[in-house]
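*Asks:* My structure is below; once you've seen it, I'll send some questions.
We did not get these values from a lab; they are worked out from the coordinates using the rules stated. Given the structure is predicted, the values throughout are model-derived calculations rather than measurements. Every residue, glycine as well, gets a Cβ built from its backbone with ideal geometry; the counts of neighbours run over all protein chains shown.
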C-alpha cells in the first residue's frame, strides 16, 4: 500500500503535497481531470493548515477496499480548531477575506469528505476519491 507523508508548514509544502497527490493519483490510474480535482482539494486543505494552524501534515495514501481502489488524503493539524464546522463548510464563508471556497470546494471535488475539529486541539480533514 502506497503512502506519502508531507509535512505542511509553508507555501512550498502546499505545492509539494499537491504534486505528491497528483503523482499518486496518476500512478493509481486516475484520469487527468480527477488528478486535477485531487490536487486542487489538497491545495485548499493544506493552505488552510498554513494559514490557520501554521503547521500540520498531509497523509496521501492508496485505498483498496473490497475491490474498490482509490486515494485518501488526511490533512491534520494541532491548530486552534474550527468554532463552527457547519458555518466553515458554507460556500462564501471565510475568516480571512478569501473567497471562502476552500473546504466546501474540496468537499465538492471529492467523493467522500469528513472533518473532525476540536477547539484548542486541532482539525483533521479526510477526503477520498474512488476510481470509476
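*Asks:* Treat the count of other C-beta atoms within 10 Å as a stand-in for reagent exposure and order 110, 1, 24 from fewest to most. Don't skip to the answer; put the middle values down first.
*Replies:* Details: 110 24, 1 6, 24 20.
Lowest to highest Cβ neighbour count: 1, 24, 110.
*Asks:* Please arrange 55, 44 by counting, for each residue, the other beta carbons lying within 10 Å of its beta carbon, fewest first. Show your work: numbers first, answer last.
*Replies:* On the way: 55 14, 44 22.
The order, fewest Cβ neighbours first, is 55, 44.
*Asks:* Moving on to the next point. Please find, in a Gaussian network model of the chain (springs between Cα atoms separated by less than 10 Å), the residue of 109, 28, 119 whose mean-square fluctuation is greatest.
*Replies:* Result for the chain, Cα springs under 10 Å: 119 fluctuates most.
*Asks:* To continue, here is another question. If I model a spin label at residue 114 and residue 27 as a point 7 Å from the Cα along the Cα→Cβ vector, what separation in nanometres do I get?
*Replies:* Inter-label distance under the simple model: 2.4 nm.
*Asks:* If you build a Gaussian network model of the chain, linking Cα atoms that sit under 10 Å apart, which residue out of 69, 37, 57 swings the most?
*Replies:* Of 69, 37, 57, the Gaussian network model singles out 69 as fluctuating most.
*Asks:* For the stretch 3-130, just the Cα set please: Rg and Dmax, both in angstrom.
*Replies:* According to the Cα coordinates of the stretch 3-130, Rg and Dmax are 13.7, 43 Å.
*Asks:* For the stretch 30-93, state the average projected area of the convex hull of the C-alpha atoms over all orientations, rounded to one decimal in nm². Write down the numbers at each step before the final one.
*Replies:* Numbers: hull surface 22.7 nm².
Mean orientational projected area (the stretch 30-93, Cα hull): 5.7 nm².
*Asks:* Quick check: the angle from helix 32-48's long axis to the longest principal axis of the chain, C-alpha only, nearest 10 degrees?
*Replies:* 30
*Asks:* Tell me what the chain gives for mean residue ellipticity at 222 nm when only DSSP H runs of n ≥ 4 count, each as -39,500 (n - 2.57), the sum divided by the residue total, rounded to 500 deg cm²/dmol. Write down the numbers at each step before the final one.
*Replies:* On the way: 4 runs with 47 residues, N = 132.
Theoretical 222 nm ellipticity from helices: -11000 deg cm²/dmol.
*Asks:* Relative to the longest principal axis of the C-alpha atoms of the chain, give the angle of the C-alpha long axis of helix 11-28, reported between 0 and 90° and rounded to the nearest 10°.
*Replies:* Tilt of helix 11-28: around 30 degrees.
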